[in-house]
Amino acid sequence: MPLETGGGQDLALSDLLDRALDKGVVLWGEATVSLAGVDLVYVGLKVLIGSVDAVQRMRGAAPGGLPAAEADETA
Amino acid sequence: MTEAIRPDREGAEKVLVGNGGDAMQDRDRADTLAVAPDLRLQTDPDNAADDLVKLVLALVETVRQLMERQAIRRVENGRLSDEEIERVGLTLMRLEDRMAELKAHFGLQQEDLSLSLGTVQDLADVLGEEDGPGRRDR
Amino acid sequence: MSMLHVYAIVDGDAIRGAVPLGHDGQPVAAFPADGFAAVVGAAKSGGTMPTVEDVWHHDAILGALMAEHVVVPLRFGTLCDQAELSGLLRERRRRTWRDLDRVRGRVELALRLSKTVDEKLAPEPTRTAATDAQTQPGTAYLMARMACHHQAPAAGDTAIRDIRDRIDRLAVATAWDDGAWPVKASCLIARSAVPGFIDAAERLVERYPHIGMSCTGPWAPYSFVGAFGAHEGTP
């Protein structure tokens, strides 16, 4: 059974999420099952679950604030 | 001056070098992510039954792996009692036996069952639900 | 007061070039401070869960800004009260300038090293007579599985060391995360050096076929800025 997968997109998405999210978690899945060339079943799930703070802020549930700068120094 | 962008195959153009390394090894990182590729399963009348069996077993195997990772994470975080560890371990062990039987029965190897669905962090942990038995992680 | 979605800090006091609409469907705007500007939009209202597309969208905005600006990227979903923004920008002025200088003319490339299928780390189920014989077989089994999951890349692996050395020499700065597979690296590279970096990476792939290597990018330099939230392992 040939399984064509979008492998390149996974790699790029993984690298993107490592960087753009602060400990976020993503549920992401898509599958189309075809029978004799006829697409029969589509399952799609694209939900981003971010860190608690980020999600709450984005939903307007809590006031926001820019994240603290790295603890440093002389600035 | 400004326009909406909705790329069709987001990310494909970002891959500069890729020689088949498995991005899904990230599933060992409990704090990372779940990513599934866009699967397109082409099957025809002659192979339909076999292909569906493979799909079903692949899904079962994926769930087994997810459960195993979750269990390990909880053991590491000290959130399971000794008795729970033993029970969960036995269950996973029996699940593995069952999968071995099914694979043998249908003539499938482990590689045939890799769907590359990744790890799902416990939703309750992420959303920081109230402390309950074995719920909170961070 | 209204909440702003903050995408990035850029040099200058106005946005140059074509930039996608923000998450609220409106053009993004520049909120100027002291020689630099925050790129902002109204926070998307409605309380819907953010999606993967939203993260790509955030990145697309950064990418468009990078065509004409020096860009200090902020994390996806960074929100700030409009009344507080100018105060915060003033407070972090010096760190912001440092970030801008750090990333000027540079992009970030992401590297992954993994074991290829032949040497796959896939923790295959492993029952042994030893585990079965224990008085607590379930526990023994789970412990064995845990050990399987935790095989970190060997520190002495010459291939990995060689790859690390070569990559370190090619990049302005590299942050390595090698506690487990896949080994990951964030590389800060001069824009002009990107093609050479890719060539070098491809040569490494040929030299070490048992190690899967992928390189994605160019990304905004998320991992090399710190005025507004340090990324873990910011070098």
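Where a number appears in this text, it was derived from the coordinates with a stated rule and is not lab data. Given the structure is predicted, the values throughout are model-derived calculations rather than measurements. Cβ: placed from backbone, ideal geometry, glycine included. Neighbour counts: every protein chain shown.
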Original post:
For C:Asp162 and B:Val53, FRET efficiency with R0 = 41 Å and r from the beta-carbon atoms, rounded to 0.05?
Top reply: 0.40
Subject >> Overall Cα dimensions of region B:46-109, principal axis frame, Å, largest first >> reply: 50, 16, 14
Original post:
Residues with beta-carbon under 9 Å from that of C:Leu142, excluding C:Leu142: net charge, scoring Lys, Arg +1 and Asp, Glu -1?
Top reply: -1
Original post:
What shape does region C:157-232 take by its C-alpha gyration tensor, where a ≥ b ≥ c are the square roots of the eigenvalues and a/c under 1.5 counts as rounded, a/b above b/c as prolate, and the rest as oblate?
Top reply: oblate
Original post:
Computed FRET efficiency, Cβ-Cβ of C:Ala147 and B:Asp46, R0 35 Å: what is it to the nearest 0.05?
Top reply: 0.20
Subject >> Span from the region C:2-35 Cα centroid across to the region B:50-116 one, whole angstrom >> reply: 48 Å
Original post:
Simple spin-label model, 7 Å along Cα-to-Cβ: C:Glu68 to B:Ser81 in nm?
Top reply: 6.5 nm
**OP:** Using only C-alpha positions, report the orientation-averaged shadow area of the convex hull of region C:3-104, nm², one decimal.
**Re:** 6.0 nm²
Original post:
Using r as the Cβ-Cβ distance of B:Glu111 and B:Val60, and R0 as 22 Å, what FRET efficiency do you calculate, to the nearest 0.05?
Top reply: 0.90
